[in-house]
Amino acid sequence: MKTLSYLSLCLLLSLSTFSQQIKRAAADESPEVKKVTDIVKSVQQRFAPDQRVAVFDVSTIKNESSILLKGEIGNSEAKAELLTAIRSAGIPNIQDSIALLPDAAAQEKPYGIVTVSVSQMRAKPSETAEMVTQALMGSVVKVLKQKRGWAYVQTMEENYLGWMDNAQFVQENQDEYARWVNGPLVITTAYIELVYMQPSDSSQPLCDVTAGALLSGKEYNSDWFSVALADGRAGFLSKKSGMDYKQWKASRALTPDNIEKTAKRFLGAPYLWGGTSPKGFDCSGFAKTAYKLNGMVLPRDADQQGLEGENVSLENDLSQLRKGDLLFFGDKGTKEKPERITHVGIYLGHKEFIHCSGLVKFNSFDPSAPKYSEYLLSRLVKAKRFIPIQ
């Protein structure tokens, strides 16, 4: 009997709580709350239409005597415009609880320099969370906030957002950041290589590096660079595997043949969701890396890449395509639903293309070719050109 009474009491309390939630939800649907919510969406669309590359996360909560704005914005102009628009709409009793990023702690040391060959950036501050992208050694990220040994960061290269383990980068102030980016740098040109403790490949390794990684360094002798990581560890990189960064940058030539040559270097590399290195690519990470190593930075994801470049016609049996064009696959837009891009590859000519699906490999649109893919041909949505025809 006692147990039954206790359960009955719990049920009554639950029903009461549920009733309060219903009333609160109804209050949240008030004209004032709806107007504020619409203003939030409008300002977000203006400043942060793609929240993979811009912070704008604001919720509207109705309290008894006010409307609470809670969340985070990564742009002071966006926050100011949001509050101005709400006040101009005649909405009284607004309580501003929106945090502006970077937060105060991050502003003291707003930059992070990656100190592992490939740092994972995740959707949440947890090793088990989805990996959204990667940052290579020596690359710089903006630090926005910290949480339990993780930092919410934004890449300097393509503004991509994610959580990075604090153990995989060093946090720097403005002067330290300037010394890194303006000092002598060495870029890794080898697919995957080791940095050694001594100028000998028989000495103890210091760390590994991948193509595109940056180290502080200078010439040591005719065979080796003397290099250092941002955390102070020092070693040696073979000149066969690296190049002075300024010289490398000046030597880049974005041509169709160079894109093909670079892309083919990674044949057989495995697919990895969020991957941007030879240790594992996703489809857009592969395309991005092929272009980056030839001097052009593309957006991170396939659908973002598909918004850039020059449109190329797919008519006349794909005759307008040129080597180096990016091919985008997915679902074509209709009146009922928008276009949806889910995959990207690099066209090589003669109806052949290279892409990362399972691994980096070739496929063809030619039905007579051994690597013909009827499925991918049926999913081809559009093509974009990033290399002007000479």
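The values are calculated or read from the model by the stated rules, or taken from the named source; none is laboratory data. If you're wondering where the values come from, they're calculated on a predicted model, not measured in any experiment. Every residue, glycine among them, receives a Cβ derived from its backbone with ideal geometry; neighbour counts consider all protein chains shown.
Among the residues of region 288-327, what is the count of those that are touching a Pro at 6+ places or on another chain (Cβ under 7 Å), surrounded by fewer than 17 Cβ atoms within 10 Å (Cβ to Cβ) and closer than 21 Å to Phe365 by Cα?
Taking region 288-327 as the starting set, the residues that turn out to be touching a Pro at 6+ places or on another chain (Cβ under 7 Å) are 305, 308, 322-324.
Right, trim to surrounded by fewer than 17 Cβ atoms within 10 Å (Cβ to Cβ) and you get 308, 322.
Going one step further and asking which of them are closer than 21 Å to Phe365 by Cα, we end up with 322.
Residues flagged as touching a Pro at 6+ places or on another chain (Cβ under 7 Å), surrounded by fewer than 17 Cβ atoms within 10 Å (Cβ to Cβ) and closer than 21 Å to Phe365 by Cα within region 288-327 amount to 1.
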Inset, instruction - Would you mention how many residues in region 120-140 are under 19 Å from Ala178 (Cα atoms) and over 14 Å from the mean Cα position of the chain (by Cα)? - result: 2
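Go through Gly280, Gly275 for me and flag whichever is closer than 16 Å to Gln120 by Cβ and without any contact (Cβ under 8 Å) to a residue 24 or more places away in the chain.
Exactly one of Gly280, Gly275 is closer than 16 Å to Gln120 by Cβ and without any contact (Cβ under 8 Å) to a residue 24 or more places away in the chain, namely Gly280.
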Legend entry - Test: residue in region 85-102 that is within 17 Å of the chain's Cα centre (by Cα) and either at pLDDT 95 or above or not assigned by TED's automatic domain parsing to the domain that holds Phe47 (or both): no
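Please tell me if Gly295 is on the phi > 0 side of the Ramachandran plot, assigned by TED's automatic domain parsing to the domain that holds Val381 and over 16 Å from the mean Cα position of the chain (by Cα).
Values: on the phi > 0 side of the Ramachandran plot: yes; assigned by TED's automatic domain parsing to the domain that holds Val381: yes; over 16 Å from the mean Cα position of the chain (by Cα): yes.
Yes, satisfied.
From the set of residues in region 206-243 that are of a type in the set (Asp, Glu) and under 21 Å from Thr115 (Cβ atoms), which is surrounded by the fewest Cβ atoms within 10 Å (Cβ to Cβ)? If you could, list the steps in order and put the result at the bottom.
Filtering region 206-243 for residues of a type in the set (Asp, Glu) gives 208, 219, 223, 231.
Imposing the further condition that a residue be under 21 Å from Thr115 (Cβ atoms) reduces the set to 208, 231.
Details: Asp208: 16, Asp231: 11.
Ranking the qualifying residues of region 206-243, first place goes to Asp231.
Suppose the filter is over 28 Å from Phe281 (Cα atoms) and of a type in the set (D, E, K, R); does Arg233 pass it? Show your work before the answer.
Numbers: over 28 Å from Phe281 (Cα atoms): no; of a type in the set (D, E, K, R): yes.
Spelling it out, it is not the case that Arg233 is over 28 Å from Phe281 (Cα atoms) and of a type in the set (D, E, K, R).
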Legend entry - Residue match in region 260-271 (condition: assigned to a helix (DSSP H, G or I) and either buried (at least 20 other Cβ atoms within 10 Å of the Cβ) or polar (S, T, N, Q) (or both)): yes
Inset, instruction - Given the conditions (1) closer than 25 Å to Cys356 by Cα; (2) of a type outside the set (Ser, Thr, Tyr); (3) free of Cβ contacts under 8 Å to residues at least 40 places away in the same chain; (4) outside the structural domain of Ile354 (by TED's automatic domain parsing), report the number of the one that Lys261 does not fulfil. - result: (4)
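If you take the residues in region 339-390 that are assigned to a loop (DSSP other than H, G, I, E, B) and within 23 Å of the chain's Cα centre (by Cα), which one is nearest to Leu327 (Cα to Cα)? Steps first, answer last, please.
As a first pass, look at region 339-390 and keep what is assigned to a loop (DSSP other than H, G, I, E, B): 339, 350-351, 358, 365-371, 373, 386-390.
Checking which are within 23 Å of the chain's Cα centre (by Cα) leaves us with 339, 358, 386-387.
On the way: Glu339: 14, Gly358: 17, Phe386: 11, Ile387: 14 Å.
Among them, the one singled out is Phe386.
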Inset, instruction - Report the residue count in region 97-127 for those that are within 23 Å of Leu214 (Cβ to Cβ) and either charged (D, E, K, R) or assigned to a helix (DSSP H, G or I) (or both). - result: 3
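Based on what the data block shows, is His343 under 30 Å from Met164 (Cα atoms) and not aliphatic (A, V, I, L, M)? I'd like the intermediate steps shown before the answer.
On the way: under 30 Å from Met164 (Cα atoms): yes; not aliphatic (A, V, I, L, M): yes.
Yes.
Here is a yes/no grid of residues against (1) over 30 Å from Gly235 (Cα atoms); (2) basic (Lys, Arg); (3) modelled with pLDDT of 85 or more:
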position: Lys2; (1), (2), (3): yes, yes, no
position: Leu15; (1), (2), (3): yes, no, no
position: Ser19; (1), (2), (3): yes, no, no
position: Ala26; (1), (2), (3): yes, no, no
position: Lys35; (1), (2), (3): yes, yes, yes
position: Gly74; (1), (2), (3): yes, no, yes
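If you take the residues of region 311-338 that are among the aliphatic types (A, V, I, L, M) and in a strand (DSSP E or B), which of them is farthest from the chain's Cα centre (by Cα)?
Initially, region 311-338 is screened for residues among the aliphatic types (A, V, I, L, M), giving 312, 314, 318, 321, 326-327.
Filter again for in a strand (DSSP E or B), leaving 312, 326-327.
Working: Val312: 26, Leu326: 19, Leu327: 20 Å.
Across region 311-338, the extreme among qualifying residues is Val312.
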